[in-house]
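Asks: Handing you a structure now.
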Amino acid sequence: MTSTFAAFGLILGLSAAGATASVPDVVGRWVIEPGASDEGGRRPEPGGAAPARIGGTPPGAFPEEVQPAGALPAGGASGRRGGNPAAAFAEFNSNPEELVFDRDPDGTLTLDAGDGVSRLYLDGRRFKRANGLLETTVRIKEGALVLDSQPSGGGVRVTIAYGLDAQGHLLVDATLKAPQGKPVVKRRVYTRAAR
């Protein structure tokens, strides 16, 4: 019986160690590389022939504005049905010159993107950001730290994936998805800088 508990404890310990190891090493100060970042948004190509980005969203040419057709909920900009999308659009369109990831003394990951510090809870709980206008959850997917945000009433969803490429750049893939219409994707590239 004790060997069963010991084996179970070992499995739990290895699982916890594996979960911690899967969080990308993003702690530090990062500055944007404007020439390497998308200027506008991108829509997935019809047929999905393009390769996937971090978080699994395929890129494609998108010459229009970053606000896709059908992005506003049926209740209009007031958001009576589906929440007010303004905070989601602001999150997607944000191009901070600098990002700072840190860890609190309790081990919680934090992100400062120039608009205040957000605590990023990796336990799957929902928390409020952007002055309470966005509900966010954090997860790890394909080696990237992924923030899924949506206005409190639902509607437009913004997913931002933070992952590292082979050269150590921080790749930030943002996807804006409206209830109707196609998703819009853009990438920002950051380089680690001295603190």
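We did not get these values from a lab; they are worked out from the coordinates using the rules stated. Worth saying up front: this structure is predicted, and the values here are computed from it rather than measured. Backbone-built Cβ (ideal geometry, glycine too); neighbour counts: all protein chains shown.
Asks: If the chain between residue 141 and residue 192 were fully stretched, how many nm would it gain, using 0.36 nm times the residue separation less the Cα-Cα distance?
Replies: 16.2 nm
Asks: Going by how many other Cβ atoms sit within 10 Å of their own, how do 186, 128 line up, fewest first? Spell out each step's value before the answer.
Replies: Numbers: 186 22, 128 13.
Ascending number of Cβ neighbours within 10 Å: 128, 186.
Asks: Which order do 149, 94 fall in if you start with the one that has the fewest other Cβ atoms within 10 Å?
Replies: Ascending Cβ contact count within 10 Å gives the list 94, 149.
Asks: If you plug each phi of the stretch 110-116 into the Karplus form 6.51 cos²θ - 1.76 cosθ + 1.60 with θ = phi - 60°, what whole-Hz ³J(HN,Hα) values come out, in order, with x for Gly and Pro?
Replies: 10, 10, 10, 10, x, 10, x
Asks: State the extension gain, in nm to one decimal, for the chain segment bounded by residue 127 and residue 102, taking 0.36 nm per residue of separation less the distance between their alpha-carbons.
Replies: 7.2 nm
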